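The values are calculated or read from the model by the stated rules, or taken from the named source; none is laboratory data. Keep in mind that this is a model prediction, so the values were computed, not measured. With ligands, DNA and RNA removed, areas are computed over all heavy atoms of the protein, side chains included. Shrake-Rupley method; radii C 1.70, N 1.55, O 1.52, S 1.80 Å.
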Amino acid sequence: MTTRGADARRAAVLGSPIAHSLSPVLHRAAYAELGLTGWTYDRFEVDEDRLPAFLDTLDASWAGLSLTMPLKRAVIPLLDGISDTARRVEAVNTVVLTGDGRRVGDNTDIPGMVAALRERGVEKVDAAAVLGAGATASSALAALARICSGPVTAYVRSEARAEEMRGWGERLGVDLRTADWADAARAFDAPLVVATTPAGATDALAPYVPKDPATLFDVLYDPWPTPLAAAWSGRGGAVVGGLDLLVHQAVLQVEQMTGRSPAPLAAMRAAGEGALGSAGA
């Protein structure tokens with residue numbers, strides 16, 4: 001890739017709420033490691049209603065945006081182009097602002113999940129389970145479409161959610177089955193379990209983790225470890241956490257926005273760990 005140079009460039013993460021975001025810590029660490037002294041990365045509280053006006057204020061100094069909820073779908077009609085990956089899940093978490101003024105959307109959550117699992121030695125599985133059916137679950141299914149050769153069972157709280165997940169499974173080419181949340185502990189027999197639920201949702205499941213579980217991917221990073229992740233590792237299972245996902249998807253964002261590759265994974269992870277450690281101190 002070619003560099004955009006060390007001139008002053010801007011990037012930021014948008015969402016609502018946004019104060020908790022670790023993205024500035026990760027991206028700034030990358031800029032420091034890459035010697036991009038003129039680059040800045042900030043956070044802005046922006047909801048769906050304010051997003052169009054915010055985008056219209058961006059000038060040629062802007063290189064890109066990271067998007068979190070509730071903007072990942074709302075931004076799509078405001079873009080000039082979108083990657084196949086983002087289109088498949090109807091979710092954009094990355095916008096690159098090109099030299100000719102175009103806004104191009106991508107989804108780095110999906111390859112970020114795959115990379116985080118690969119880093120922990122999980123490259124292929126013959127079955128998997130997903131806990132939850134929210135926005136992150138569709139990205140999880142898209143990631144599983146790349147690495148899972150067999151069925152995926154999603155544990156959900158309502159028939160409406162079950163129907164939505166079956167639709168995503170069909171669209172993504174995943175052999176998707178659904179089961180009631182009341183039976184969620186059965187998920188733990190799978191070789192890979194992906195927990196996509198908000199904080200606290202899986203806490204009651206922690207006592208049901210079996211001996212010698214396989215791999216848990218819990219997308220949360222604060223608070224960490226979750227009770228489920230702690231129980232999982234305590235019984236000898238492998239755990240991939242939300243910080244792993246956050247760092248890997250941010251690596252891809254940095255590479256797209258700056259044109260510099262590879263992005264400094266180790267420095268970004270260390271910065272994220274340091275920030276979480278300071279917050280918990």
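Computed values, structure above
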read-out	value
Span from the the stretch 23-56 Cα centroid across to the the stretch 239-277 one, whole angstrom	14
Cα long-axis angle, helix 265-280 against the chain (0 to 90 degrees, to the nearest 10)	70
Computed log₁₀ I(q)/I(0) - Debye formula, equal Cα scatterers, no solvent, the chain, q 0.07, 0.09, 0.10 Å⁻¹	-0.25, -0.42, -0.52
Accessible-area order (highest first, 1.4 angstrom probe) of the listed residues S261, S23, S149	S149, S261, S23
Average accessible area per residue (Å²) across the chain - probe 1.4 Å, nucleic acids and ligands excluded	44
Area accessible to solvent at I82, 1.4 Å probe radius, in Å²	40
With every protein chain in place, the chain: carbon and sulfur % of accessible area (1.4 Å)	50
The stretch 165-186-the stretch 81-121 distance, computed between alpha-carbon centres (Å)	23
Exposure of H20 as accessible area (Å², to 10), given a probe of 1.4 Å and all protein chains	110
Prolate/oblate/rounded call for the stretch 106-155, Cα gyration tensor, a/c under 1.5 rounded	oblate
